[in-house]
Amino acid sequence: MTVGRVSDRVYCLSYDDKDLDLFESLWPLPLGVSYNSYIIFGDEKTILLDTVPQRFSERFIEDLKGLVDLKSIDFLVSHHLEHDHSGSILALLREAVNCKILCSPFAVNLHKAFFNLSENMVKSVNDGMSMDIGGDTLTFHLTPWLHWPDTMMSFLNLEGVLFSCDAFGSFGALNGKLFDNEVDLNIYLDEAKRYFSNIVVGYREHVIKAVEKLSSLGLNFKIIAPSHGPIYKFNPRLIVDKYVSWSKPEFEVKVVLIYGSMYGHTKMLAEAIDMGVESTGVRVASFDASRVNVSFILKEVLDAPVLAFGTPTYDANVFPTILNVLDFIEVKKLGAGRYASIFGCYGWGPSAYSILMGRLKSMGFNLVEPFLTVRGAPSPSDLDNAKKFGVKIGELALKFKK
Ligand SMILES: Cc1cc2nc3c(=O)[nH]c(=O)nc-3n(C[C@H](O)[C@H](O)[C@H](O)COP(=O)(O)O)c2cc1C
């Protein structure tokens, strides 16, 4: 646990989680993740912003006691009910007996449904409502669908701290650090991109809306304080600009190959295609979907203008691990605006390819034909064709050069 002073009135309690294998039981955490809770000491009111997962409750309550008499906490601002932020609410309320919860109107019923909290415990705040805390004001901004309907942010006006909850967050434990100028930002921006492309991307139009809304209000934010990952104090604009660019998205000149292969035939095609793309000078990100978690694949798909999917026919269908990746790409709405082609090997019936073509079309991909399908083992001339296929999609990606 790390406690740090964020500004004159704001402290952060940050907890590293290096034990959890999969965030949301989906996304691997090779570098862990942090849960950040904040406390604001106004002259008249003491306000806690979000808590931490339940398994950190005991430590969280003890650490909080080192900072504040729990009975003096007036409000808990619950920006988003998901359990990584709300998991210690009940433990808190047992001791912080004067504390009421403030949340978005949508979240009121969620607090009832998940924590059985009565109406007199949970108060909703309206968009733009401000609270005088003594010496500063805290304003609540509803920013729905980042990434639940309940999400909101709050802004401490004089100190310029934006508490953004999941928005502008990243994977990666903080290892005793808190601020952007204390960590290797390349690592955290990479993990922020993965966090964005796994969790936020399906709601990216709401990122743009939220940033436009906050900008139109002329908020002079000096510090971005998210619930996961580093606090951006040195360069707060950086993470906002990154989130906006990932939301558009701004394409990189590259090709992503995603394939499944049981006995290596489709893989042979993938490797020859890879060589063809590279010969055009375009970067290739190639994934064996059976061996790489979809979390890392989505991160590359996010800003890829051109993809190619490789599959054997398997039980008259597309290979299961490719179907899994397609499901995620569909749910995250990452098809439209991109080009996709198809390659693979089959034994007796090429039915996988018409099924895959239908899926890609329905997801909004522009199809690049002809596809490259081979019955049996690829011959030298098939591999030569695969290289040419790679050159073609590499040249297509080059059209996205700015
Ligand atoms: C369990 C299983 C199911 C298969 N189902 C089909 C099928 O429905 N149609 C077909 O043409 N080939 C089928 N095949 C054959 C494969 O598509 C073929 O062996 C292909 O070359 C495998 O490519 P890979 O080496 O990239 O895995 C199947 C193979 C296996 C092991």
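Worth pointing out:
- Filter pass, Thr313 being touching a residue at least 60 places away in the same chain (Cβ under 8 Å) and within 16 Å of the ligand (Cβ to nearest atom): no
- Among residues of region 1-22 being of a type in the set (D, E, K, R) and not in a strand (DSSP E or B), the one that is least open to solvent (accessible area, probe 1.4 Å) is Arg9.
- Which listed residue is within 28 Å of Leu76 (Cα to Cα), charged (D, E, K, R) and in the same structural domain as Val52 (by TED's automatic domain parsing), from Asp180, Asp190: Asp180
- Residue within region 272-289 that is over 25 Å from Phe23 (Cβ atoms), open to solvent by less than 10 Å² (accessible area, probe 1.4 Å), within 16 Å of the ligand (Cβ to nearest atom) and not small (Gly, Ala, Ser) present: yes
- Number of the exception - Ala340 against (1) away from the ligand (no atom under 13 Å from the Cβ); (2) under 27 Å from Leu29 (Cα atoms); (3) open to solvent by less than 40 Å² (accessible area, probe 1.4 Å): (2)
- Among the residues of region 318-332, those that are within 16 Å of the ligand (Cβ to nearest atom) and outside any helix (DSSP H, G or I) comprise Val318, Phe319.
- Any chance Ser57 is touching a Gly at 6+ places or on another chain (Cβ under 8 Å) and over 28 Å from Asn186 (Cα atoms): yes
- Here region 377-391 is the region considered, the condition is being surrounded by 19 or more Cβ atoms within 10 Å (Cβ to Cβ) and more than 37 Å from the chain's Cα centre (by Cα), and the residue that is nearest to the ligand (Cβ to nearest atom) is Pro378.
- Condition check for Ser25: open to solvent by less than 10 Å² (accessible area, probe 1.4 Å), at pLDDT 95 or above and not β-branched (Val, Ile, Thr): no
- Of the residues in region 254-277, at least one is closer than 22 Å to Val201 by Cβ and of a type in the set (Lys, Arg).
- Per-region count, region 239-268, residues assigned to a helix (DSSP H, G or I) and either in contact with a Cys (Cβ under 7 Å, 6 or more places away or on another chain) or more than 13 Å from the ligand (Cβ to nearest atom) (or both): 11
- Among the numbered conditions (1) touching a strand residue (DSSP E or B) at 6+ places or on another chain (Cβ under 6 Å); (2) outside any loop (DSSP other than H, G, I, E, B); (3) away from the ligand (no atom under 13 Å from the Cβ), the only one that Ala304 does not meet is (2).
- Criterion (in contact (Cβ under 8 Å) with a residue 24 or more places away in the chain and not in a loop (DSSP other than H, G, I, E, B)) met by exactly one of Gly394, Gly349, Gly335, Gly358: Gly394
- Verdict on Gly229 being in contact with a helix residue (DSSP H, G or I) (Cβ under 7 Å, 6 or more places away or on another chain) and on the phi > 0 side of the Ramachandran plot: yes
- Tallying residues that are over 14 Å from Asp74 (Cβ atoms) and open to solvent by 20 Å² or more (accessible area, probe 1.4 Å) within region 35-55 yields 2.
- Of the helices (runs of 4 or more DSSP H) lying entirely inside region 40-110, the ones with 3 or more residues being in the same structural domain as Glu159 (by TED's automatic domain parsing) and free of Cβ contacts under 8 Å to residues at least 60 places away in the same chain are found at 57-65, 89-95.
- Test result for Pro350, open to solvent by 70 Å² or more (accessible area, probe 1.4 Å), more than 30 Å from the chain's Cα centre (by Cα) and of a type outside the set (Lys, Arg): no
- For beta carbons closer than 7 Å, sequence separation of 6+ or different chains, a first residue in region 158-173 that is more than 13 Å from Ala210 (Cβ to Cβ) and outside any loop (DSSP other than H, G, I, E, B) and a second that is polar (S, T, N, Q) and open to solvent by 10 Å² or more (accessible area, probe 1.4 Å), the qualifying pairs are Val161/Ser7.
The values are calculated or read from the model by the stated rules, or taken from the named source; none is laboratory data. Being a predicted model, the structure only gives us computed values, none of them experimental. All Cβ positions, glycine included, derive from the backbone under ideal geometry; neighbour counts span all protein chains shown. Note: areas computed on protein heavy atoms with side chains; ligands, DNA, RNA excluded. Shrake-Rupley method; radii C 1.70, N 1.55, O 1.52, S 1.80 Å.
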